[in-house]
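Bear in mind that the values in this text are calculations on the coordinates, not laboratory data. Keep in mind the model is a prediction, meaning the values are calculated, not measured. Cβ coordinates were reconstructed from backbone atoms using ideal geometry, including for glycine residues, and neighbour counts include every protein chain displayed.
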Amino acid sequence: PKKAESCIAIGMGTLSKGNEHSSCVAIGQSAMYGAGNGKYKDSVAIGVNAGYYGGAQSSSNVFIGASAGYKTSGYMNTFIGGNTAQFATGHTCTAIGAQASTESYNGCVAIGYQAKNTKNNQVVLGADTNVETVLKGDLIVRGTDGVKRQIVFNADGTCSWTEVS
């Protein structure tokens, strides 16, 4: 890189391209291997090709796992797992699990193997191939009106809800 300040780079090809990297940790072959004039700032990449070829302003990201965050751009993302969030272009997202993906959406969460977001500000648990999702404990949701409600599953198979504070 043309400039790297307060960075740690361990592995062949880590932080080897781009401009003005700062406050980064890159561990693994080609981790945070930058894009042209790309800048990595306040980010961590651990794993072969983790954070490889990031966008022009890739900052405050965490990439853990082989090829996690591969060819992504954006900021304030957390991608954990092998091949997680490859080619993602959104920001403020979390993807946890092998091949989980936030695509080009913002403010989203994808958890589980091949979990994939389909719109902004969405939480996805598991892949389309999952046949069951088990949640333990009370289910409390907040509607778009801002009111929290506890959903109750009744013995007769119906559901009801009560407001909670």
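Using a Cα-Cα cut-off of under 27 Å, which lysines could be cross-linked to residue 71, ignoring same-chain neighbours fewer than 8 residues away?
Answer for residue 71, where 27 Å is the Cα cut-off: 2, 3, 17, 39, 41, 116, 119, listed by chain and number.
How much FRET efficiency would the formula 1/(1 + (r/R0)^6) give for residue 133 and residue 29, where r is the Cβ-Cβ distance and R0 is 41 Å, rounded to 0.05?
After rounding, the FRET efficiency stands at 0.65.
If you wrap a convex hull around the C-alpha atoms of segment 75-165 and split its volume per residue, what is the figure in Å³?
129 Å³
Given that just one value was derived from the coordinates, which of (i) 38, 16, 12; (ii) 27, 16, 15; (iii) 37, 21, 14 is semi-axes √(5λ) of the Cα gyration tensor in Å?
Given (i) 38, 16, 12; (ii) 27, 16, 15; (iii) 37, 21, 14, the structure-derived one carries the label (i).
Amide H to amide H, which residues 5 or more places from residue 124 or on other chains are under 5 Å from it, using H placed in the peptide plane?
Amide H to amide H, under 5 Å and 5 or more residues apart or across chains, residue 124 pairs with 109, 110, 111.
Computed FRET efficiency, Cβ-Cβ of residue 122 and residue 3, R0 30 Å: what is it to the nearest 0.05?
Rounded to the nearest 0.05, the efficiency is 0.20.
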